[in-house]
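Quick notes on the structure that follows.
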Amino acid sequence: MRNRTKHYAIFGLLTLLLGLMPATKGSAEDLQLPQQIIQSVSSELQQKLQDKSFTKDFAQVTQFVNGVIYPHTDFDKIAPLVLGKHWKTATTEEQQRFKHEFQTLLVRTYSRAFVEYNNWSMRFLPLETLNEATKTMVKTNVLQPHKQPVEVNYRMFLSNGEWKVYDILIDGVSLVTNYRSTFNDEIQTKGSLSAVIDGLAKRNAEALAAKES
């Protein structure tokens with residue numbers, strides 16, 4: 001189940017990026033602000049996806065993806081949620097290192113998906129009335145030919161007047177919860193958060209080096 005969830009988590013994050021236009025809601029004006037943000041970011045990246053020479057340069061793709069998603073994703077909120085109880089006992093240095101390496105992990109995951117996937121579409125479901133709410137859930141169905149729709153929902157919150165993503169649910173399973181379980185298991189196995197961060201940093205460096213070679 002965990003591997004399946006991670007596979008769809010990659011895809012779910014990708015839908016934030018890939019210009020997946022609504023299948024049933026006709027125009028951007030029909031969407032509320034949190035939905036418009038996802039659609040707008042998606043459209044920007046869809047344009048880049050059409051340039052095959054651009055997608056051949058993985059380092060360039062990674063840099064571009066990071067620049068586009070960073071303003072709309074709150075890694076300061078995500079990192080503590082992912083580490084859970086271990087965040088409170090981590091040193092300031094460990095917290096900063098983990099946040100950096102986890103962001104790198106997600107960005108290179110996004111970037112790989114950005115290069116590999118392109119035949120998808122998205123249906124936005126009705127958004128509950130926001131009023132003065134500071135949190136919301138953007139609900140979507142991701143459609144692909146000859147397969148069942150995948151439910152991909154985005155948890156967003158209002159931060160300094162801007163809506164940002166802090167979790168994604170794939171068929172009801174939370175990306176944050178899934179990664180929290182993974183890192184908790186690794187911390188127990190390796191004996192410390194520092195060792196887990198070292199391992200994550202090594203994997204990130206090796207993956208990026210392999211893609212750039």
Under-5 Å amide H pairs with Ser159, H placed in peptide plane, nonlocal only: Lys164
Determine which aspartates and glutamates satisfy two conditions relative to Lys202: a Cα distance under 20 Å, and not lying fewer than 8 residues away in the same chain. Glu93, Glu94, Glu101, Asp185, Glu186, Glu212
With a 1.4 Å probe and all protein chains kept in place, how do Met137, Met122 rank by accessible area, largest first? Met137, Met122
Are any of the pairs Lys85/Lys147; Lys48/Lys85; Lys56/Lys135; Lys48/Lys164 more than 32 Å apart by Cα-Cα distance, and if so, which? Lys85/Lys147; Lys48/Lys85; Lys56/Lys135
State the Kirkwood hydrodynamic radius of region 118-213 in Å, one decimal place, computed from all pairs of distinct Cα atoms. 16.5
How much accessible surface area, in Å² rounded to 10, belongs to the heavy atoms of Trp163 with a 1.4 Å probe? 20
Measure out, as a whole number of angstrom, how far apart the alpha-carbon centroids of region 75-105 and region 138-213 sit. 13
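Sorting Tyr179, Tyr154 by accessible area (1.4 Å probe), largest first, what list results? Provide the component values of the computation, followed by the final result.
Details: Tyr179 30, Tyr154 0 Å².
Result of the area sort, largest leading: Tyr179, Tyr154.
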Order by accessible surface, 1.4 Å probe, largest leading, for residues Tyr70, Tyr110, Tyr166 comes to Tyr70, Tyr166, Tyr110
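The values are calculated or read from the model by the stated rules, or taken from the named source; none is laboratory data. Just so it is clear, the model here is predicted, and its values are computed rather than measured. For the accessible areas, the whole protein counts, side chains as well, though only heavy atoms, and no ligand, DNA or RNA atoms are used. Shrake-Rupley method; radii C 1.70, N 1.55, O 1.52, S 1.80 Å.
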